[in-house]
1. Of the conditions (1) surrounded by 12 or more Cβ atoms within 10 Å (Cβ to Cβ); (2) touching a residue at least 40 places away in the same chain (Cβ under 8 Å), residue 50 fails just one. Which one is it?
2. Go over the candidates 92, 105 one by one and state the one that is buried (at least 16 other Cβ atoms within 10 Å of the Cβ), at pLDDT 90 or above and under 26 Å from residue 21 (Cα atoms).
3. So how many residues does the range 71-96 have that are under 19 Å from residue 26 (Cβ atoms), assigned to a helix (DSSP H, G or I) and in contact with a helix residue (DSSP H, G or I) (Cβ under 9 Å, 6 or more places away or on another chain)?
4. Suppose we filter 56, 37 for residues that are farther than 20 Å from residue 13 by Cα and part of a helix (DSSP H, G or I); which single one remains?
5. I'd like to know if the range 10-19 contains one or more residues that are free of Cβ contacts under 8 Å to residues at least 60 places away in the same chain and not in a strand (DSSP E or B).
């Protein structure tokens with residue numbers, strides 16, 4: 001699920017996914033060494049201030065800011081490196097129902113923001 005709120009030309013985006021309990025350690029290990037070309041693609045397609053938070057039970061909370069959410073998602077969808085990353089990472093998540101992780105975000109609604 002993705003939450004977004006436009007502010008000063010940026011959208012704040014917060015989403016949830018669920019990492020399989022038995023894959024937590026490997027998920028963390030892979031994110032300690034994200035491919036340089038994946039990091040570059042994220043930056044080039046408008047993903048800023050991107051963070052992931054993982055709870056012990058596998059709840060994953062993601063946050064990023066972007067000038068245009070749909071353009072950022074579309075930009076990454078067109079990158080070969082994203083297709084490889086999503087394919088490799090899909091085995092880590094519960095309940096994708098045949099979709100890629102980046103197509104399975106659970107949106108959160110922003111109800112407060114301290115400026």
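1. For residue 50, the failing item is (2).
2. One residue alone meets the criteria, 92.
3. 8
4. Step by step, each of 56, 37 is checked, and only 37 is farther than 20 Å from residue 13 by Cα and part of a helix (DSSP H, G or I).
5. Checked the range 10-19: no residue is free of Cβ contacts under 8 Å to residues at least 60 places away in the same chain and not in a strand (DSSP E or B).
The values are calculated or read from the model by the stated rules, or taken from the named source; none is laboratory data. Note that the structure is predicted; figures quoted are calculated from it, not measured. Glycine gets a Cβ as well: all are built from the backbone with ideal geometry, and neighbour counts include every protein chain shown.
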